[in-house]
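Q: Here it is: the structure, laid out below.
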Amino acid sequence: MPESSKSPFVVVANRLPVDRITTADGQTWRRSPGGLVTALHPVLQAEAGCWIGWAGGEGEAPAPFSLDNMQLSPVPLYADELRNYYEGFSNATLWPLYHDAVEQPAFHRHWWKSYEEVNRRFADRAAETAAPDGVVWVQDYQLQLVPAMLRKMRPDLRIGFFLHIPFPPAELFVQLPKRLDILRGLLGADVVGFQSPGAAQNFLRLTRQLLGLKPRGHLVEAEDGRQVRAEAYPISIDTVSVERVAGSPAVHSHAERLRKELGNPKTVILGVDRLDYTKGIEQRLKAFRELLADGEMSVPDTVMVQVATPSRERVEHYKALRRTVEREVGRINGDYGRLGVPAVHYLHQSYSREELAALYLIADVMAVTPFRDGMNLVAKEYVASRLSNDGALVLSEFAGAAADLKQAFQVNPHDLDALKSVLLTAAASPVEEQRRRIKSMRRYLRGHDVKHWARGFLTALGVPETATAYDSDNTPETST
Ligand code: ADQ
């Protein structure tokens, strides 16, 4: 690649922030509506930046292209790599292990080999793409080896890494057969960012325990003598744009229609999660079933809407979870529903931001009860959408979001009785109390949005304030 077309700012993530769409004129790309791209798009634009990632699909990758002034550099993933690197080591080893081993992590040596190979491919691409003395920001657990691999090839770069999921305590992490490679991979970065201070502490403690390093405060000197910063930068949402969607007349009329279709119940309890065993969906359904059985709640006064976004459908744990959740929904509806009036409305589908916003508007109680979650943006989106300041958020203590949303009705989701009782309390909470809680959380989210997050991280990485003090309209657009 000629020097002149290299990028001073490069993002490396497993996925590119685009979706392939088909129009009358053929195939094209559309920016996906995720929070990460919303936060980084202005920096990428201002800095002629490039995003490296997988474009979806199996086999050969499309040629690099640009969209909304971002350079996009697709990396191929082949069928065996999707099985071994992605579904295997990333989603059946690291994902469960990093989430408190809620499900048993599986270890296979050929998964690791593939993880290394794919990480090497991403690192090579970043090394080719980054301009001299540039900044590279690597994202998430699929790419933990990239910082060290890249550092070896390009010692001139400033390298950041952000982990979107929890980082486990030593007792769990030491189970990982390749634990030293992972730690050394991360230590290749100048700044390693986590969702919570506890996760950063877990990491720093492990550098002492497994590598004999001497962390001090947020810093640790790596084996090659560099200072590495490990600290919490809790991610957030694009608050203003969530508010804008929630305030639109079209979303309001959609919400009214939805509520009517549900039979105008007194209380709607909503869950919105990827269909993932970390999210506590089963336990939440069980709590609702017991409340109906106890006569504490009744249909049609109260109904539950559970959106379970399709996810990782080829991984065994996910197939099993889907069966269990759907069996539980069937059981509840069989026992407590009536013709045309189910107790649980279960939706295994993806939705637009507008449709999700309409659901947030009809939710009197939003139940976000993961067993473990890096942050949980759904909780933040719900709060920001409640422009009328009413509504009640039930939030697990084990979501990263619990540290930010302190006025939520917090609960230990492992304690079924506590979960039942907090759902009742939230549903019956006086509107003045709801307003006090929601208002204060909304205020917090205004000051702590996703741009604040990106700015905090990039400032720690030494990217000048001017490059991160951006503001622009981030509405995704379609382009060829
Ligand atoms: P996730 O585990 O995917 O993210 P979450 O933070 O809740 O969890 O983000 C989900 C996003 O997907 C939200 O923005 C939500 O609106 C959207 N979404 C959910 N269901 C949808 C549906 N049916 N249709 C369309 N969109 C849907 C990981 C970590 C989290 C961390 C984030 C960001 O597991 O802990 O908060 O990354 O760092």
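The values are calculated or read from the model by the stated rules, or taken from the named source; none is laboratory data. As the structure is a prediction and not an experimental result, all values here were calculated from the model. Virtual Cβ from ideal backbone geometry, glycine too; neighbours counted across all protein chains shown.
Q: Would you mind finding the one in ALA39, ALA61 that is more than 21 Å from SER311 (Cα to Cα) and either within 16 Å of the ligand (Cβ to nearest atom) or modelled with pLDDT under 85 (or both)?
A: On inspection, the qualifying residue turns out to be ALA39.
Q: So ARG327 fits all but one of (1) touching a Ser or Thr at 6+ places or on another chain (Cβ under 9 Å); (2) modelled with pLDDT of 95 or more; what number is the exception?
A: Here ARG327 clears every test but (1).
Q: Let me ask something else. Where the second residue is small (Gly, Ala, Ser) and within 15 Å of the ligand (Cβ to nearest atom) and the first is over 9 Å from ASP238 (Cα atoms) and lies in the stretch 29-44, which pairs have Cβ atoms under 7 Å and are six or more apart or on separate chains?
A: LEU40/ALA454; VAL43/ALA454
Residue-by-condition table, conditions (1) under 19 Å from GLU117 (Cβ atoms); (2) under 23 Å from the mean Cα position of the chain (by Cα):
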{"position": "MET149", "(1), (2)": "yes, no"}
{"position": "PHE162", "(1), (2)": "no, yes"}
{"position": "VAL174", "(1), (2)": "no, no"}
{"position": "LYS178", "(1), (2)": "yes, no"}
{"position": "GLY188", "(1), (2)": "yes, no"}
{"position": "ALA200", "(1), (2)": "no, yes"}
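Residue-by-condition table, conditions (1) part of a helix (DSSP H, G or I); (2) crowded, with 18+ Cβ neighbours inside 10 Å; (3) at pLDDT 95 or above; (4) of a type outside the set (Lys, Arg):
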| site | (1), (2), (3), (4) |
| --- | --- |
| GLY271 | no, yes, yes, yes |
| LEU285 | yes, yes, yes, yes |
| ARG289 | yes, yes, yes, no |
| MET304 | no, yes, yes, yes |
| ARG314 | no, no, no, no |
| TYR346 | no, yes, yes, yes |
| GLU354 | yes, no, yes, yes |
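Q: Here is a further query. I'd like the residue in the stretch 1-52 that is in contact with a Gly (Cβ under 8 Å, 6 or more places away or on another chain) and part of a loop (DSSP other than H, G, I, E, B) and, out of all such residues, is nearest to ALA63 (Cα to Cα).
A: Checking each candidate, the answer is LEU16.
Q: What residue, among those in the stretch 338-361 that are more than 14 Å from the ligand (Cβ to nearest atom) and touching a Pro at 6+ places or on another chain (Cβ under 9 Å), is farthest from LYS266 (Cα to Cα)?
A: ARG338
Q: Moving on. Taking the condition surrounded by 15 or more Cβ atoms within 10 Å (Cβ to Cβ) and closer than 26 Å to TYR98 by Cβ, does GLU231 pass?
A: Yes; evaluated as a whole, the condition is true for this residue.
Q: Kindly list the number of the only condition in (1) touching a strand residue (DSSP E or B) at 6+ places or on another chain (Cβ under 7 Å); (2) among the acidic types (Asp, Glu); (3) part of a helix (DSSP H, G or I) that fails for ASP80.
A: Unmet for ASP80, out of (1) touching a strand residue (DSSP E or B) at 6+ places or on another chain (Cβ under 7 Å); (2) among the acidic types (Asp, Glu); (3) part of a helix (DSSP H, G or I): (1).
Q: So the check is Cβ under 6 Å with 6+ separation or different chains; which pairs have a first residue in the stretch 382-410 that's among the hydroxyl-bearing types (Ser, Thr, Tyr) and a second one that's part of a loop (DSSP other than H, G, I, E, B)?
A: The qualifying pairs are SER396/THR369; SER396/PRO370; SER396/PRO413.
Q: Can I ask one more? So, in the stretch 17-33, exactly how many residues are of a type outside the set (D, E, K, R), surrounded by 10 or more Cβ atoms within 10 Å (Cβ to Cβ) and away from the ligand (no atom under 16 Å from the Cβ)?
A: 4
Q: Among the residues of the stretch 110-133, is any within 16 Å of the ligand (Cβ to nearest atom), touching a residue at least 24 places away in the same chain (Cβ under 8 Å) and on the phi > 0 side of the Ramachandran plot?
A: no
Quick grid of which residues meet (1) more than 30 Å from PRO168 (Cα to Cα); (2) without any contact (Cβ under 8 Å) to a residue 24 or more places away in the chain:
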position	(1), (2)
GLY185	no, no
PHE194	no, no
GLY225	no, yes
HIS252	yes, no
THR267	yes, no
LYS279	no, no
MET297	yes, no
ASP301	yes, no
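Q: Residues that are in a helix (DSSP H, G or I), closer than 20 Å to GLY330 by Cβ and away from the ligand (no atom under 16 Å from the Cβ): does the stretch 249-264 have at least one?
A: no
Q: For the structure I just gave you, tell me whether MET375 is in contact (Cβ under 8 Å) with a residue 40 or more places away in the chain and either among the aromatic types (Phe, Trp, Tyr) or within 20 Å of LEU258 (Cβ to Cβ) (or both).
A: Answer is no for this residue.
Q: Any residue in the stretch 150-160 that is within 16 Å of the ligand (Cβ to nearest atom), in contact (Cβ under 8 Å) with a residue 60 or more places away in the chain and assigned to a helix (DSSP H, G or I)?
A: No.
Q: Okay, moving on. Assuming THR93 fulfils every condition listed in (1) touching an Asp or Glu at 6+ places or on another chain (Cβ under 7 Å); (2) among the polar types (S, T, N, Q); (3) within 20 Å of PHE203 (Cα to Cα) apart from one, which condition is it?
A: Of (1) touching an Asp or Glu at 6+ places or on another chain (Cβ under 7 Å); (2) among the polar types (S, T, N, Q); (3) within 20 Å of PHE203 (Cα to Cα), only one is false for THR93: (1).
Every residue, every condition in (1) in contact with a Cys (Cβ under 8 Å, 6 or more places away or on another chain); (2) surrounded by fewer than 22 Cβ atoms within 10 Å (Cβ to Cβ); (3) of a type in the set (Asp, Glu); (4) within 22 Å of SER196 (Cα to Cα), yes or no:
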position: ASP133; (1), (2), (3), (4): no, yes, yes, no
position: TRP137; (1), (2), (3), (4): no, no, no, yes
position: ASP140; (1), (2), (3), (4): no, yes, yes, yes
position: LEU145; (1), (2), (3), (4): no, no, no, yes
position: ARG158; (1), (2), (3), (4): no, yes, no, no
position: PHE161; (1), (2), (3), (4): no, no, no, yes
position: HIS164; (1), (2), (3), (4): no, yes, no, yes
position: ALA170; (1), (2), (3), (4): no, yes, no, yes
position: PHE173; (1), (2), (3), (4): no, yes, no, yes
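Q: Of these, ARG386, ARG372, which one is within 12 Å of the ligand (Cβ to nearest atom) and not polar (S, T, N, Q)?
A: ARG372
Q: Collect the residues in the stretch 203-247 that are more than 16 Å from the ligand (Cβ to nearest atom) and either of a type in the set (Phe, Trp, Tyr) or under 30 Å from LEU359 (Cα atoms) (or both), keeping them in residue-number order.
A: The answer is PHE203, GLY247.
Q: Can you name the residue in the stretch 212-257 that is over 30 Å from GLY188 (Cα atoms) and hydroxyl-bearing (Ser, Thr, Tyr) and, of all such residues, is modelled with the lowest pLDDT?
A: Per the stated criteria, the residue is SER241.
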